[in-house]
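Below you'll find the structure, written out as structure tokens, and then a few comments.
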Amino acid sequence: MRVTPRGGRDALLAGTDEHFAARLSAAPVDGAANAALIVLIAKHFGVAKRDVTLIAGQTARLKRLAITGDPQVLARAAASLYATAS
């Protein structure tokens, strides 16, 4: 996940072949951007916030997340980002 804090509005985008992109309105201060990212991911993938874990990149723009849930549902949600990007 490549994150752009202070990006105007919260949005999850297709990004590149290596990662998704997220624009967050929150500033990268006191974990606010990370918290906003978890909320955004949970909403898009239809899971609870507790099912989204930031496992790497707490202070970097590139982050690695783990999402717990039905793999087929998660894959469809991920594919939907690229379907709307065309």
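Every number here is computed from the coordinates shown, using simple stated rules; none is lab data. In this text the structure is predicted, and so the values were computed from the model without any measurement. Glycine also receives a Cβ, built like all others from the backbone with ideal geometry; neighbour counts cover every protein chain displayed.
Calculate how many DSSP beta bridges within the chain are antiparallel, expressed in % of all such bridges and rounded to the nearest 5.
Taking every DSSP beta bridge with both residues in the chain, the antiparallel ones total about 75 percent.
Given that compact globular proteins tend to follow 2.2 N^0.38 Å, what is the ratio of the alpha-carbon Rg of the chain to that value?
1.01
For the range 1-41, what is the relative contact order in percent, using Cα pairs closer than 8 Å and at least 6 residues apart in sequence?
39
Which residues does a label at residue 60 reach in the range 13-43, if reach means a backbone N under 14 Å from a point 7 Å past the Cα toward the Cβ?
19
Can you give the FRET efficiency to the nearest 0.05 for residue 17 and residue 49, using r as the Cβ-Cβ distance and R₀ = 25 Å?
0.35
Pairing the Cα long axis of helix 71-85 with the longest principal axis of the chain, what angle in degrees results, from 0 to 90 and rounded to the nearest 10?
Roughly 70 degrees between the two axes.
First select every other residue whose beta carbon is under 14 angstrom from the beta carbon of residue 15; then total the charges, Lys and Arg +1, Asp and Glu -1.
Values: positive: 2, 23, 61, 63, 64; negative: 17, 18.
That sum, taken over residues with Cβ under 14 Å, equals +3.
So what is the 222 nm mean residue ellipticity for the chain from helices alone, if each DSSP H run of at least 4 adds -39500 (n - 2.57) and you divide by all residues, rounding to the nearest 500 deg cm²/dmol?
Result for the chain: -11000 deg cm²/dmol, rounded to the nearest 500.
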